[in-house]
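Heads up, the thing below is written out as structure tokens.
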Amino acid sequence: MIKQGVHAFAGKRILLLQGPVGPFFAHLARAWRGLGSQVYKINFNAGDWFFYPRRAMNYRGTLADWPQWLEDRLRRLEIDVIFLFGDCRPIHRIAHAVAIRMGVEVGVFEEGYVRPDYVTLERFGVNGHSLLPRVPDAYKDRPRSTVRTWAVGNTYWPMAWYAFCYFGVGCLGGRLFPHYRHHRALSLAEGLPWIRSIWRKHWYRWRERGVQEKLVSTYSKRFFLVPLQVFNDAQVTVHADLKGVEHFIEDTIRSFARHAPEKSLLVFKHHPMDRGYRDYTRLIQGLGAKENLGCRVIYIHDQHLPTLLDHACGVVVINSTVGISALHHNAPTLVRGTALYDIPGLTYQGTLDEFWTAAPHGMPDRALYQRFRSCLITTTQLNGSFYKPLKVKRAFAGLVWEMPARDLNRSALSAATQRAEEECQGRR
């Protein structure tokens with residue numbers, strides 16, 4: 001979808017559904033109208049309306065009535081393409097099915113597969129629904145292209161502010177959209193976990209001081225890293241055959257206790273965006289004690305992820321994009337869910353029980369990884385952020401959509417890659 005550049009949608013009739021929190025979809029609509037496109041937008045709650053109050057339709061019906069309502073609008077407005085953020089929300093799953101049945105193209109935005117400095121845009125679906133091939137031969141003859149990347153910088157605070165506005169207005173205006181049900185509670189109480197997250201960040205920094213230094217010195221290449229994911233992320237609830245993060249933790253500890261080398265450690269790392277919502281301390285300690293693991297199980301929070309990946313002897317993920325970073329750091333990686341990078345030659349293809357002893361022999365194929373990453377960036381990634389627009393001449397709605405040949409610069413990509421890995425702590 002992105003290979004043709006933004007001008008591929010000039011003059012098209014475009015429908016926008018829910019986007020990232022913030023004004024990104026409003027900016028995108030304005031930019032496309034400047035190219036002669038007819039852009040329509042549907043709001044589903046007061047938070048959507050707050051960031052897109054003009055020239056939009058407000059859907060106040062039920063989820064049961066939504067398919068027919070949407071089909072009528074697609075037909076009446078002669079829509080060519082639908083854009084949405086995340087393809088697993090209930091309203092988007094229905095919209096996706098209706099659009100495909102009617103022959104309407106679907107473009108799905110998502111947070112970047114490669115972070116920072118990128119966002120994702122794919123035709124049809126993202127993550128487990130991505131159309132990228134999962135066989136190594138598909139990448140055998142692909143060139144290792146390079147592109148210029150502009151640094152975005154820190155996007156946490158703009159994103160946090162937009163989220164506060166979105167959930168606050170969504171809560172206050174709930175009566176205007178009585179049938180709407182969000183994938184997270186549209187409540188002012190949603191701000192409490194963010195406040196708790198700030199407090200916990202400082203507490204964990206003090207409590208876990210010295211842990212990283214010990215891992216990268218005394219236990220270098222002797223610990224397995226298990227990056228956890230946000231508890232209600234669609235990656236966990238839709239794209240994994242697991243009963244949640246707790247089930248994943250339990251399975252991992254039980255398998256490690258029975259099959260891992262005696263002198264190895266198991267290190268769980270909490271997801272930064274889940275810090276204020278979940279605390280697995282009691283669960284991990286209880287399971288560790290039950291399996292007589294003692295100090296061999298560690299639970300950490302805000303250590304520098306690239307450094308940990310450099311020193312881990314193996315990485316176990318559900319399907320997090322941290323898996324791509326693990327491959328970048330040449331760490332043997334096992335995927336428990338469905339991931340677009342779970343490809344023979346890149347990730348370990350055996351069982352979890354086997355992984356603990358087989359990991360040293362499961363190194364990713366470096367050449368295959370480089371070709372896969374090049375394909376990933378050039379076909380699914382846009383340079384920029386939803387929450388902090390790039391201020392460069394080539395940016396369109398804050399994103400760089402096209403990579404002309406004159407900008408293909410190997411040294412620029414090398415610098416961007418190094419910076420990305422240094423800054424990826426806390427990103428997905």
Margin query: When you check residue 3 against the structure, is it open to solvent by 50 Å² or more (accessible area, probe 1.4 Å) and either within 24 Å of residue 158 (Cβ to Cβ) or at pLDDT below 95 (or both), yes or no?
Written below: yes
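One line per residue, one yes/no per condition, for (1) over 25 Å from residue 381 (Cα atoms); (2) in contact with a helix residue (DSSP H, G or I) (Cβ under 8 Å, 6 or more places away or on another chain); (3) surrounded by 13 or more Cβ atoms within 10 Å (Cβ to Cβ); (4) of a type in the set (Val, Ile, Thr):
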| site | (1), (2), (3), (4) |
| --- | --- |
| 23 | no, yes, yes, no |
| 43 | yes, yes, yes, no |
| 56 | yes, yes, yes, no |
| 72 | yes, no, no, no |
Next item on the list: Sort through 214, 201 and tell me the only one that's touching a helix residue (DSSP H, G or I) at 6+ places or on another chain (Cβ under 9 Å) and among the basic types (Lys, Arg).
Entry: 201
Checklist line | Residues of segment 65-83 satisfying the condition of being more than 22 Å from residue 36 (Cβ to Cβ) and within 29 Å of the chain's Cα centre (by Cα) | finding: 66, 67, 70
Next item on the list: Scan 141, 117 and give me the residue that is more than 16 Å from the chain's Cα centre (by Cα), farther than 27 Å from residue 190 by Cβ and at pLDDT below 95.
Entry: 141
Note to self: Could you check segment 140-193 and list, in sequence order, the residues that are open to solvent by 30 Å² or more (accessible area, probe 1.4 Å), among the polar types (S, T, N, Q) and within 30 Å of residue 378 (Cα to Cα)?
What the structure shows: 145, 154
Notebook entry, point to check: Only one of (1) open to solvent by less than 30 Å² (accessible area, probe 1.4 Å); (2) assigned to a loop (DSSP other than H, G, I, E, B); (3) modelled with pLDDT of 95 or more is not met by residue 219, so which one is it?
Noted result: (1)
Checklist line | Failed condition for residue 50, given (1) of a type outside the set (A, V, I, L, M); (2) within 27 Å of the chain's Cα centre (by Cα); (3) closer than 17 Å to residue 179 by Cα; (4) open to solvent by 30 Å² or more (accessible area, probe 1.4 Å) | finding: (3)
Next item on the list: Would you mind telling me which numbered condition in (1) assigned to a helix (DSSP H, G or I); (2) under 21 Å from residue 278 (Cα atoms) residue 230 fails?
Entry: (1)
Check: What are the residues in segment 322-342 that are farther than 17 Å from residue 377 by Cα and out of contact with any Cys (no Cβ under 9 Å at 6 or more places or on another chain), if any?
Finding: 329, 330, 333, 334, 335, 336, 337, 338
Notebook entry, point to check: Do we have any residue at all in segment 54-76 that's under 26 Å from residue 343 (Cα atoms) and either of a type in the set (Phe, Trp, Tyr) or modelled with pLDDT of 95 or more (or both)?
Noted result: no
Notebook entry, point to check: Which of the following residues is more than 22 Å from the chain's Cα centre (by Cα), of a type in the set (Ser, Thr, Tyr) and within 25 Å of residue 87 (Cβ to Cβ): 180, 162, 166?
Noted result: 180
Check: Which pairs do you get when a residue that is more than 16 Å from residue 374 (Cβ to Cβ), found in segment 324-342, comes within reach of a residue that is open to solvent by 10 Å² or more (accessible area, probe 1.4 Å) and of a type in the set (D, E, K, R), reach meaning Cβ atoms under 6 angstrom, with the pair 6+ apart or on two chains?
Finding: 329/310; 335/342
Note to self: Among (1) open to solvent by less than 40 Å² (accessible area, probe 1.4 Å); (2) free of Cβ contacts under 8 Å to residues at least 40 places away in the same chain; (3) touching a Lys or Arg at 6+ places or on another chain (Cβ under 8 Å), there is one condition residue 131 misses while meeting the rest; what is its number?
What the structure shows: (1)
Checklist line | All positions within segment 13-22 that are out of contact with any Pro (no Cβ under 9 Å at 6 or more places or on another chain) and in a loop (DSSP other than H, G, I, E, B) | finding: 17, 18, 19, 20, 21
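Might you let me know whether segment 400-410 holds any residue that is closer than 20 Å to residue 158 by Cβ, at pLDDT 90 or above and buried (at least 19 other Cβ atoms within 10 Å of the Cβ)?
yes
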Next item on the list: Give me the pairs, please: first residue somewhere in segment 151-174 and of a type in the set (Val, Ile, Thr), second residue anywhere and part of a helix (DSSP H, G or I), beta-carbon distance under 6 Å, and either six or more positions apart or on two chains.
Entry: 169/46; 169/47; 169/50
Note to self: Taking the condition of being touching a residue at least 40 places away in the same chain (Cβ under 8 Å), in contact with a Ser or Thr (Cβ under 9 Å, 6 or more places away or on another chain) and either open to solvent by 40 Å² or more (accessible area, probe 1.4 Å) or under 30 Å from residue 258 (Cβ atoms) (or both), how many residues in segment 360-377 meet it?
What the structure shows: 1
Next item on the list: Please go through segment 163-186 and pick out each residue that is closer than 16 Å to residue 52 by Cα and part of a loop (DSSP other than H, G, I, E, B).
Entry: 173, 177
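The values are calculated or read from the model by the stated rules, or taken from the named source; none is laboratory data. Fair warning: this is a prediction, and the values are worked out from it, not measured in the lab. Note that each Cβ is placed from the backbone with ideal geometry, even for glycine, and that neighbours are counted across all protein chains shown. Each accessible area value is taken on the protein alone, full model and side chains, heavy atoms only, with ligands, DNA and RNA left out. Shrake-Rupley method; radii C 1.70, N 1.55, O 1.52, S 1.80 Å.
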